[in-house]
Amino acid sequence: MTPVERAAAVATLRDAAALVERGWTQGAWARNAAGNGVFYDAPDAVRWCAIGAIWADDKDRRWGALLALGRHVGIEVSAWNDLPGRTADEVLAALRDCADRVERGEL
């Protein structure tokens, strides 16, 4: 990654972490307050999966973040997010740890 791409990925991962901290979900990019699946950018979204939280960011910045998170968790991100037993705390930690690793140039 170039320094500009790295900075964009870090910002996207941190923004995604902030969304997941507000609310996390599995099985859909995002959910509204009623629990219905909605698009990641829906105005009534209140919970996001890891990918939905990344997609909710600026479209020009999200690819580097998504690729880095996939490398960080070691499998495809949606499969990792939706594993039975996965927790919001684990997803939040992965987004933050990934951002730190990208910032240090490790990913």
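No value in this document is a laboratory result; all are computed from the given coordinates. Not measured: the values here are computed from a predicted model. All Cβ positions, glycine included, derive from the backbone under ideal geometry; neighbour counts span all protein chains shown.
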- Query: Under a point-charge model restricted to the Cβ atoms of Lys and Arg (+1) and Asp and Glu (-1), what is the dipole moment magnitude of the stretch 51-104 relative to its Cα centre, in debye to the nearest 20?
  - Reply: 140
- Message: If I build a Gaussian network model for the chain, linking alpha-carbon pairs within less than 10 angstrom, which residue out of 86, 14, 47 has the largest mean-square fluctuation?
- Response: 86
- Message: For a quick check: with amide H placed at 1.01 Å from N, whose amide H comes under 5 Å from residue 24's, ignoring anything fewer than 5 positions away on the same chain?
- Response: 48
- Farthest towards the positive end of the dipole of the stretch 51-104, among 70, 80, 94 and with Cβ unit charges of +1 on Lys and Arg and -1 on Asp and Glu, lies the Cα of 70
- Task: At 25 °C and 0.890 mPa s, grab the translational diffusion coefficient of the chain from Stokes-Einstein with a Kirkwood Rh over Cα pairs, rounded to a whole number in µm² per second.
- Result: 184
- In sequence order, calculated HN-Hα J values of the stretch 90-96 (Karplus, 6.51, -1.76, 1.60; Hz; x Gly/Pro): 5, 5, 4, 4, 5, 4, 5
- Message: Using the crude model of +1 on Lys and Arg Cβ and -1 on Asp and Glu Cβ, and no other charge, please compute the dipole size for the chain relative to its Cα centre, in debye to 20.
- Response: 20
- Note on the structure: Of the candidates 40, 3, 13, the farthest towards the positive dipole end of the stretch 1-54 (Lys/Arg Cβ +1, Asp/Glu Cβ -1, centred on the Cα centre) is 13
